[in-house]
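Encoded as C-alpha cells, the structure appears first; notes follow it.
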Amino acid sequence: MSKPAAPLKGRAARLARLMPSTGPSTAARTPFVLLVVLLLGGGLITLLLLNSALNEGSFRLSELKRDTTELTDEQQALQRDVDSRSQPDALEKRARELGMVPGGSPAFLNPDGTVRGKPTEATAPPPSPSPSPTPSPSAPPDPDAPAAGPSASGAAAGPSGSPSPSGSVPATTPDPAAAPAAENSPPPTSPGR
C-alpha cells in the first residue's frame, strides 16, 4: 500500500509547485471582497431610502384620500342644501317672504317685432289665514299707527295695484273684516340681512 501513496505525493508536489503560495492569492481577493461589500451596502442603503420615500408617499396619499372624503361629504351636504332650497315650494315661500307675487299672463315678442299674447299685471292673491298668534284683547290699538289696508302686500299699492311712488298708503277707508287679517300677517322680511 505504500506504492499508491508515493505517486500521490508526487502529484501533489507537482501541483504545489505550479500554484503560488497563499500570500499573493489573499492579496488579489481583498479588492474583490471590498467591492462586493460596498455594492451590498450601497444596495441596502438605496433600498432603505426608497422604502422611506414610498412610506412617506403612502402617508401623504392616505392624508389626501381622507381630505378628499371630507370634501366630498361637504360637497354632498351643500348639494342637498341647494336641492332643498331649489324645490318649488321652498322657492315660493322665499319669494313670498321677499314680497314677490306670482306673475300674470306673459306676452311674447315675435322675431318681426309683433307682440303675441296679452300681458296682464301681477296682483297679490288674497292673504291666506296664517297660524300666527292673535293679538291680546287687553292691548289697545296704537292711534299713531297708519290704518291697515285690505292686505299686507297691497298696503303700499296705488289704485291701479302698482306700488305708489311715494310709498304712502292711499287714503281709503279700511275694511273692518280685513283689518284683523292684515294685522296678523307678518311683514315680508329678508332672511340673513
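Conditions (1) surrounded by 10 or more Cβ atoms within 10 Å (Cβ to Cβ); (2) over 26 Å from the mean Cα position of the chain (by Cα); (3) among the basic types (Lys, Arg); (4) under 30 Å from Pro125 (Cβ atoms), marked per residue:
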site	(1), (2), (3), (4)
Asn55	yes, yes, no, no
Arg60	yes, no, yes, no
Val82	no, no, no, yes
Ala95	yes, no, no, yes
Single condition Met100 does not satisfy, out of (1) among the aliphatic types (A, V, I, L, M); (2) open to solvent by 100 Å² or more (accessible area, probe 1.4 Å); (3) modelled with pLDDT under 85: (3)
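The values are calculated or read from the model by the stated rules, or taken from the named source; none is laboratory data. No experiment lies behind these values; they were computed from the predicted model shown. Neighbour counts run over all protein chains shown; Cβ positions are idealised from the backbone, glycine included. All accessible areas refer to the heavy atoms of the entire protein, side chains included, with ligands and DNA or RNA removed. Shrake-Rupley method; radii C 1.70, N 1.55, O 1.52, S 1.80 Å.
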